[in-house]
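Take a look at the structure set out below.
The values are calculated or read from the model by the stated rules, or taken from the named source; none is laboratory data. Because the structure is predicted, anything quoted here is derived from the model rather than measured. FYI the Cβ positions are ideal-geometry reconstructions off the backbone, even for glycines, and counts take in every protein chain you see.
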Amino acid sequence: MEVKDAIFGRRSIRKYQPKDVEDEKIREILEAAIWAPSAGNTQTWRFYVVKNPEIREKLMRASYMQKQITEAPVSIVVTFDMDEMDKFYGRRGVELYGIQDTAAAIQNMLLRAYDLGLGTCWIGAFDDGEVSSILKIPATERPVAIITAGYPAENPSSTRKPLKDVVRFVE
């Protein structure tokens, strides 16, 4: 698949087929994630892969009832280690670089999943403390997103603002 096809074709999927995702595909998604750029190549991200339906149910409740978490056969919680980031970059690293790094890793995950025939949804609305408690995430790590993955049961459309509305050329 051409990169542009993945960029322009990928959509947020909220309805999934009741079909397991092969472990090899999950591994390939995670492999794509770790090849994302990170501040100073610190790679402070962590990935919690959740297949267990009972745990996904708890994550769904911690995510304000976003049902795609229970519909998708896999959820991946993406965090970064704040202590590691602080060691290298201080406050700016913790408040910004960790978020940027995980966002780059997540975009790689979404594009690779699409290339593998999977659908994904990037979920950012959740109770951090509750998610950390459910997964026993160390206090040094900050949950940034929950990514659902599975075989799509929908093909949603999407629109974007025209470039003229979002681009400013500075001379």
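A compact table of results
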item	result
In region 129-171, the residues that are outside any loop (DSSP other than H, G, I, E, B), of a type in the set (A, V, I, L, M, F, W, C) and farther than 18 Å from Pro73 by Cα	Val144, Leu163, Val166
Qualifying residues in region 29-72 (those that are under 14 Å from the mean Cα position of the chain (by Cα) and among the charged types (D, E, K, R)) - the one nearest to Gly129 (Cα to Cα)	Arg46
Selection status of Ile55, among the β-branched types (Val, Ile, Thr), surrounded by 20 or more Cβ atoms within 10 Å (Cβ to Cβ) and either farther than 16 Å from Cys121 by Cβ or modelled with pLDDT of 95 or more (or both)	no
Residue within region 109-119 that is crowded, with 20+ Cβ neighbours inside 10 Å, among the hydroxyl-bearing types (Ser, Thr, Tyr) and assigned to a helix (DSSP H, G or I) present	yes
Contacts under 9 angstrom Cβ, first residue in region 157-171 being closer than 14 Å to Phe8 by Cα, partner not small (Gly, Ala, Ser), 6 or more apart	Ser157/Arg11; Ser158/Arg11; Arg160/Val166
Matching entry among Glu141, Glu154 (being of a type in the set (D, E, K, R), more than 23 Å from Arg27 (Cβ to Cβ) and either surrounded by 11 or more Cβ atoms within 10 Å (Cβ to Cβ) or in contact (Cβ under 8 Å) with a residue 24 or more places away in the chain (or both))	Glu154
Enumerated helices (runs of 4 or more DSSP H) restricted to region 1-95, each holding at least 1 residues that are in contact with an Asp or Glu (Cβ under 6 Å, 6 or more places away or on another chain) and within 12 Å of Thr148 (Cα to Cα)	68-71
Flag for Ile123 being surrounded by 15 or more Cβ atoms within 10 Å (Cβ to Cβ) and more than 16 Å from the chain's Cα centre (by Cα)	no
